[in-house]
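Here the structure is laid out as structure tokens; the discussion comes afterwards.
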Amino acid sequence: MNFITLQTDDGFKIPALHVPSATGTGLPLVLIQEIFGINAAMQEAAQAWAREGFEVLCPDLFARQQAGIDLDPRQPEQFQRGIALMQGMDQDRAVLDLDAARQWFVAQGRGQKVAALGYCLGGRLAVMMAMSTPISAAVSYYGVGLEALLPVEHTAMAPCLLHIAENDGFVPAEARQVILERAARQDNMPAHVYPGCDHAFARPDGEHFDAPAAELARERTLAFLRT
């Protein structure tokens, strides 16, 4: 596990956590952070997916504001700092920065099939990548604001898997229903609702961690990405 530097299309240099696959040549995976930077939880997620056979690249999307952000969501002041950083982010620009990670894999000879997977803010950005970049597949863990992002009608995009928490405080029931309806109109956008779960149910050190739901989401993710 180390950091490399990605060159973006506008000449900016972005640090990215790189974790080689634990099983040899891994499937390329762009891992997309929550609003807390590449903190311990994201580093553990990167290592966990590497153990599953992925080569993981996790760009520091806050680097344009401040590189090296590492926040603890259990600390109220740090949680609010994460929200402020998210609000200060140009998400369209972030998608282009994430695509620099996809391009890095291609340039390294890893092939054209590169997947993306993100949590929270990263879950939203993963869907944005599916809609606007050559990513091969995307996985969204409790993505925020998807009800306003997903197209109303059928649209050509990469296959995209949605993991949705039933009791997500950031996704009210009405918004969840819109997400499910719009996902159903796409060719390959399976959407799973996890009963009784709240936002960040797959973050092992989080207050809403739900081990059975996280394991089910992991199994579904692996089945989706390996096909």
Which of the residues that make up the stretch 1-53 are among the hydrophobic types (A, V, I, L, M, F, W, C) and surrounded by fewer than 18 Cβ atoms within 10 Å (Cβ to Cβ)? 1, 3, 4, 12, 22, 40, 48
If you take the residues of the stretch 173-202 that are more than 22 Å from residue 137 (Cβ to Cβ) and touching a residue at least 60 places away in the same chain (Cβ under 8 Å), which of them is surrounded by the most Cβ atoms within 10 Å (Cβ to Cβ)? 200
Are any of the residues in the stretch 49-56 aromatic (Phe, Trp, Tyr), over 20 Å from residue 133 (Cβ atoms) and touching a Gly at 6+ places or on another chain (Cβ under 6 Å)? no
Can you tell me which residues in the stretch 204-221 are out of contact with any Phe, Trp or Tyr (no Cβ under 8 Å at 6 or more places or on another chain) and either within 17 Å of residue 52 (Cβ to Cβ) or without any contact (Cβ under 8 Å) to a residue 40 or more places away in the chain (or both)? 204, 211, 212, 215, 218, 219, 220, 221
Kindly provide the set of residues from the stretch 5-20 that are touching a residue at least 60 places away in the same chain (Cβ under 8 Å) and not in a loop (DSSP other than H, G, I, E, B), ordered by number. 6, 7, 14, 16
Being part of a loop (DSSP other than H, G, I, E, B) and within 15 Å of the chain's Cα centre (by Cα) is the filter here, so list the residues in the stretch 51-104 that pass it. 60, 61, 62
Checking 74, 93, 81, 64 in turn, the sole residue that is on the phi < 0 side of the Ramachandran plot, surrounded by fewer than 22 Cβ atoms within 10 Å (Cβ to Cβ), at pLDDT below 95 and of a type in the set (D, E, K, R) turns out to be 74
What do you reckon, is residue 210 more than 17 Å from the chain's Cα centre (by Cα) and surrounded by 15 or more Cβ atoms within 10 Å (Cβ to Cβ)? yes
Residues in the stretch 137-149 that are at negative phi and in contact with a Cys (Cβ under 9 Å, 6 or more places away or on another chain): how many? 7
Take the residues of the stretch 20-40 that are out of contact with any Asp or Glu (no Cβ under 6 Å at 6 or more places or on another chain) and of a type in the set (A, V, I, L, M): which is farthest from residue 97 (Cα to Cα)? 22
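Results for (1) among the charged types (D, E, K, R); (2) out of contact with any strand residue (DSSP E or B) (no Cβ under 8 Å at 6 or more places or on another chain), shown as yes or no for each residue.
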| site | (1), (2) |
| --- | --- |
| 160 | no, no |
| 169 | no, yes |
| 181 | yes, yes |
| 185 | yes, yes |
| 197 | no, no |
Residue within the stretch 41-50 that is assigned to a strand (DSSP E or B) and among the small types (Gly, Ala, Ser) present: no
If you go through 201, 224, the only one that is closer than 19 Å to residue 48 by Cα and touching a Leu at 6+ places or on another chain (Cβ under 9 Å) is 224
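The values are calculated or read from the model by the stated rules, or taken from the named source; none is laboratory data. Quick caveat: nothing in here was measured; it's all calculated off a predicted structure. Cβ coordinates were reconstructed from backbone atoms using ideal geometry, including for glycine residues, and neighbour counts include every protein chain displayed.
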